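What follows is one structure encoded as structure tokens, with my remarks underneath.
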Amino acid sequence: MTSPETSPETSPELRPTRRPASDYPPGRAAFPHRHLLGIAGLQPWEIEYLLDEAEQWVDLNRQASKHDDRLAGLTLINAFFENSTRTLLSFEIAGKRLGADVVNMHAAQSSVKKGETLIDTAVTLNAMRADAIVIRHGSSGAVQLIADKVGCPVLNAGDGTHEHPTQALLDALTIRRRKGKIAGLRVAICGDILHSRVARSNMICLSTLGAEVYVAGPPALMPPAVEAMGATPCKDFAAALDGADVVMMLRLQHERMQGQFIPSPREFRHLYGLTDARLAQAQPDALVMHPGPMNRGIEIDSLIADNPKRSAITDQVEMGVAMRMACLDVLTRRGRGVAGWA
Amino acid sequence: MSNTPTSPLTIVNGRLVLGGHAEPVPGNLRIIGDRIAEIGAITPGADDRVHDARGALIAPGLVDLGVFAIDRPAFHFGGISRAALMPDQNPTLDHPAQVRFAAYSGKPDFWVHPLAAATRGLAGIEMAEIALMKEAGARAVATGRRWITDTGVMHRLMQYCAMLDLPLIVHSQDHGLSGNAVATSGEMATRLGLPQAPAEAESIAIARDIALVRMTQARVHFRQVTTRAGLALVRAAKAEGLPLTVGITPAHLLLSDVALGGFRTFARLSPPLRSEDDRQAALAAVGDGTIDVIASGHDPRGPEDKRLPFADSQPGMAGAETLLPLSLGLVRDGLISTERLFELVAANPARILGVEAGALRPGFEADIVLVDPDRPWQVDSGRMAASAGNTPFDRLPVQGRCVALFKGGRLVDQISG
């Protein structure tokens with residue numbers, strides 16, 4: 001039995017073979033997008049390019065000195081209109097490790113509370129000549145609205161119940177490193193699908209990369225037409241878990257619920273909580289993931305979350321920093337005048 | 001030539017849009033005072049002023065049933081001479097004085113028919129003073145852009161409207177199902193992560209109100225029926241002989257929820273845009289006569305209401321300018337005749353409001369629009385006559401343009417060329 005203190009370095013991780021650079025189109029053609037607003041619209045090779053780019057940062061982040069200067073002199077603004085701890089911290093660390101000057105803006109302390117419109121805020125941030133803006137906002141589409149108004153790359157750190165692309169990318173990176181591949185894997189995404197931007201980005205991302213994605217949740221928390229995003233809806237939790245290589249649990253998002261969607265968290269756990277007994281239906285080596293923050297004892301039991309042989313939850317956090325470094329690097333290349341990208 | 005306002009006016013060289021003739025017939029139209037005097041193969045009198053229509057359609061001015069703002073330049077651009085103003089104003093049209101004020105607000109170039117709020121503050125709880133508002137000029141009663149949740153309130157309201165012989169214009173969205181939704185359930189809403197409600201929110205609301213009409217025999221106009229299931233219900237209820245009429249806007253005939261892509265708030269409407277299947281059903285319902293009225297739903301909204309994240313933006317579109325050209329497209333597509341088009345945009349709404357307008361008939365108000373049905377132009381949200389350019393049809397090339405508009409026999413708008 002592995003002890004719960006096992007560090008990520010010793011967790012069962014496989015190093016996938018990175019594609020050689022010659023596999024990708026040269027320069028900007030490898031990732032021709034100005035912003036990262038969502039996974040929808042990205043080609044599979046563009047996603048793989050970002051994943052490959054992140055590998056070097058995983059290596060760097062495991063060294064004693066975790067510093068690179070490529071974003072030196074650039075200003076990164078993290079504009080968070082919705083509370084966040086881990087995503088904000090992850091972007092802040094990512095920016096700092098690449099040498100950028102990082103400024104965090106919290107809605108709670110901004111003029112947004114004084115009634116300033118989102119567009120005015122966007123124009124203000126733009127006038128301060130940010131080189132990249134990371135935005136989280138509670139309304140679907142808000143990040144795109146800002147992106148249309150500013151002259152620098154915008155990274156979506158979660159907009160309403162729409163998309164959370166860097167989460168999907170870091171999840172893909174985590175799966176790839178732990179399983180050695182993504183194509184052909186059976187992935188179950190379970191819980192509050194309706195309110196989850198993570199689920200949307202992951203359904204699109206993982207199905208685009210060739211995984212078989214199954215989703216399950218109480219009917220009131222399942223949106224229609226998930227098939228259009230490459231996922232297969234299951235009638236119950238067991239059907240989704242059956243033979244799964246990866247089990248991704250989602251947080252119940254009480255704060256987004258207007259009205260009652262489930263009778264109680266206790267009853268939700270009874271039907272959709274990931275317990276040892278339920279996990280036994282998945283593959284013996286199934287990987288358990290959760291985007292955090294977890295409601296321990298509701299959608300996931302602590303015994304599973306803390307078992308490093310099964311749980312990739314801390315890996316996800318680690319991959320998050322590397323993934324965001326890759327996104328910041330790639331998206332600012334044009335502005336930095338990198339050869340082939342300007 | 002005498003130019004006194006009292007001298008008769010004859011519009012010549014036009015093609016008259018007349019009841020009983022599917023397609024326009026060449027002819028002239030003579031106006032004395034503010035009324036239509038003669039129609040057909042007439043010659044102008046010696047003292048008449050003469051207006052050369054140069055081959056344009058001579059049609060009744062459009063009667064726009066259910067607009068949210070009095071926006072005269074946009075209405076004149078669109079050939080609309082009268083509009084029924086929804087009670088969703090600030091302040092709400094729930095008091096006789098508000099109604100009286102609104103009724104005079106457009107005169108003389110444009111007539112506003114205020115719709116009395118069915119309930120105080122449109123809250124759906126207490127009935128407003130409907131009879132007093134009728135005295136003040138209200139031609140109909142409306143529930144606003146809201147559903148009356150309490151069936152008891154709705155029942156008593158219909159009884160009361162039936163007693164006063166006032167039509168009741170209803171918005172059909174079951175509130176429990178629609179909640180805070182801004183989009184119809186389906187792939188688009190799921191992809192965009194928008195609060196969504198099933199299309200059945202409409203048919204469930206309609207089913208209840210049809211049952212109440214059967215009990216009360218109130219004249220009810222469903223302002224917008226946009227789903228296959230809702231249209232099937234009203235089609236059956238009309239066949240049963242219930243006093244129902246049904247409306248829609250061009251947006252629901254020409255756009256599906258795909259138009260929401262990219263979070264385009266100009267496509268945020270109430271009711272929300274539907275699936276392609278529902279859109280096809282709506283087109284069929286225009287063709288088979290189930291739908292009686294096409295209205296603009298004109299609701300100009302500036303950036304403060306529209307340049308926001310989708311769910312935070314206000315619903316509504318500036319539709320007055322595009323009502324006629326988009327509806328003319330239905331004629332070009334062979335779905336309806338020209339005669340039927342003007343029933344949908346003029347005669348039927350006028351009949352519902354009980355006004356002597358909306359048709360070329362001697363004795364009727366001389367609200368006349370001259371239309372070049374083929375004239376091409378392009379919708380441009382940056383250059384609209386409306387007070388705001390929130391059209392989901394931005395950049396769309398269209399055909400058909402109002403070239404002159406007469407209100408009560410007076411020329412109020414004309415374009416050159």
Query raised in the report: Is one or more of the residues making up region B:123-146 free of Cβ contacts under 8 Å to residues at least 24 places away in the same chain and part of a helix (DSSP H, G or I)?
Result: no
Report task. Could you grab the pairs with beta carbons closer than 6 Å, sequence gap of 6+ or different chains, first residue in region B:191-220 and more than 14 Å from chain A (Cβ to nearest Cβ), second one aromatic (F, W, Y)? Result -> B:A205/B:W147
**Report entry** Filter pass, B:R139 being among the charged types (D, E, K, R) and modelled with pLDDT of 95 or more
**Finding:** yes
**Report entry** Hits in region A:78-101 - residues which are surrounded by fewer than 22 Cβ atoms within 10 Å (Cβ to Cβ) and of a type in the set (A, V, I, L, M)
**Finding:** A:L88, A:L89, A:I93
Query raised in the report: Does B:P362 fit the bill of being under 22 Å from B:H21 (Cα atoms) and surrounded by 15 or more Cβ atoms within 10 Å (Cβ to Cβ)?
Result: no
Query raised in the report: Looking at (1) modelled with pLDDT of 95 or more; (2) over 15 Å from B:A366 (Cβ atoms); (3) not acidic (D, E), which is the only condition B:T43 fails?
Result: (1)
Requested in this report: Show the residue pairs that are 6+ apart or on different chains and have beta-carbon atoms under 8 Å apart, the first residue being within region A:212-238 and within 14 Å of chain B (Cβ to nearest Cβ), the second being of a type in the set (D, E).
Outcome: A:G217/A:D192; A:L221/A:D192; A:P224/B:E187; A:A225/B:E187; A:A228/B:E187; A:P233/A:E227
Report task. For A:S84, state whether it is part of a loop (DSSP other than H, G, I, E, B), more than 14 Å from chain B (Cβ to nearest Cβ), out of contact with any Asp or Glu (no Cβ under 8 Å at 6 or more places or on another chain) and among the small types (G, A, S). Result -> yes
Query raised in the report: Which condition number in (1) within 14 Å of chain A (Cβ to nearest Cβ); (2) in contact with a Leu (Cβ under 7 Å, 6 or more places away or on another chain); (3) among the β-branched types (V, I, T) is the one that B:V331 fails?
Result: (1)
**Report entry** Residues of region A:284-342 classified as over 15 Å from A:N61 (Cα atoms), polar (S, T, N, Q), outside any loop (DSSP other than H, G, I, E, B) and in contact (Cβ under 8 Å) with a residue 40 or more places away in the chain, total
**Finding:** 1
Query raised in the report: Consider B:R268 against the criteria (1) within 14 Å of another protein chain (Cβ to nearest Cβ); (2) farther than 21 Å from B:D174 by Cβ: it satisfies all of them except one. Which criterion is unmet?
Result: (2)
Requested in this report: Report, by residue number, each residue of region B:383-417 that is part of a strand (DSSP E or B) and surrounded by 20 or more Cβ atoms within 10 Å (Cβ to Cβ).
Outcome: B:G400, B:R401, B:C402, B:A404, B:L405, B:F406, B:K407, B:D413
Query raised in the report: Failed condition for A:I300, given (1) closer than 16 Å to A:R177 by Cα; (2) crowded, with 21+ Cβ neighbours inside 10 Å; (3) β-branched (V, I, T), with all others met?
Result: (1)
**Report entry** Among residues of region A:149-188, those that are away from chain B (no Cβ under 14 Å) and within 22 Å of A:V288 (Cβ to Cβ), counted
**Finding:** 21
Query raised in the report: Which ones in region A:235-266 are within 25 Å of A:L185 (Cα to Cα) and surrounded by fewer than 19 Cβ atoms within 10 Å (Cβ to Cβ)?
Result: A:K235, A:D236, A:A238, A:A239, A:D242, A:G243
Query - Segments classed as helices (runs of 4 or more DSSP H), wholly inside region B:195-294, with at least 3 members that are touching a His at 6+ places or on another chain (Cβ under 9 Å) - result: B:200-216, B:276-287
**Report entry** Complete set of residues in region B:267-296 that are surrounded by 24 or more Cβ atoms within 10 Å (Cβ to Cβ) and among the hydroxyl-bearing types (S, T, Y)
**Finding:** B:S296
Query - Filtered residue count, region A:197-252, keeping only those that are in contact with a Leu (Cβ under 9 Å, 6 or more places away or on another chain), part of a loop (DSSP other than H, G, I, E, B) and of a type outside the set (A, V, I, L, M) - result: 8
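Go through B:L233, B:L273, B:L242, B:L254 for me and flag whichever is closer than 15 Å to B:A189 by Cα and away from chain A (no Cβ under 14 Å).
Just a single option satisfies the conditions, and that option is B:L273.
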Query - All positions within region B:25-60 that are more than 16 Å from B:L405 (Cα to Cα), surrounded by fewer than 18 Cβ atoms within 10 Å (Cβ to Cβ) and not aliphatic (A, V, I, L, M) - result: B:P26, B:E38, B:G40, B:T43, B:P44, B:G45, B:D47
**Report entry** Every residue from region B:301-336 that is free of Cβ contacts under 8 Å to residues at least 12 places away in the same chain and either among the hydroxyl-bearing types (S, T, Y) or in contact with a Cys (Cβ under 9 Å, 6 or more places away or on another chain) (or both)
**Finding:** none
**Report entry** Residues located in region B:270-313, provided they are basic (K, R), within 27 Å of B:I70 (Cα to Cα) and touching a strand residue (DSSP E or B) at 6+ places or on another chain (Cβ under 9 Å)
**Finding:** B:R301
Requested in this report: Scan region B:167-190 and give yes if some residue there is more than 10 Å from chain A (Cβ to nearest Cβ), under 25 Å from the mean Cα position of the chain (by Cα), closer than 17 Å to B:S313 by Cβ and part of a helix (DSSP H, G or I), otherwise no.
Outcome: yes
Query raised in the report: Of the residues that sit in region B:297-324 and are surrounded by 24 or more Cβ atoms within 10 Å (Cβ to Cβ) and part of a helix (DSSP H, G or I), which one is farthest from the other protein chains (Cβ to nearest Cβ)?
Result: B:L324
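Just to be sure before I move on: is B:Q224 at negative phi and within 14 Å of another protein chain (Cβ to nearest Cβ) in the structure I sent?
On the way: at negative phi: yes; within 14 Å of another protein chain (Cβ to nearest Cβ): no.
When the stated conditions are applied, B:Q224 does not pass them.
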Report summary line: Of the residues in region A:126-161 that are out of contact with any helix residue (DSSP H, G or I) (no Cβ under 8 Å at 6 or more places or on another chain) and in a helix (DSSP H, G or I), the one that is surrounded by the most Cβ atoms within 10 Å (Cβ to Cβ) is A:V143
Query raised in the report: Looking at (1) surrounded by 15 or more Cβ atoms within 10 Å (Cβ to Cβ); (2) within 22 Å of B:H76 (Cα to Cα); (3) out of contact with any strand residue (DSSP E or B) (no Cβ under 7 Å at 6 or more places or on another chain), which is the only condition B:G106 fails?
Result: (3)
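The values are calculated or read from the model by the stated rules, or taken from the named source; none is laboratory data. This structure is a prediction, so every number in the text was calculated from the model and none was measured. Backbone-built Cβ (ideal geometry, glycine too); neighbour counts: all protein chains shown.
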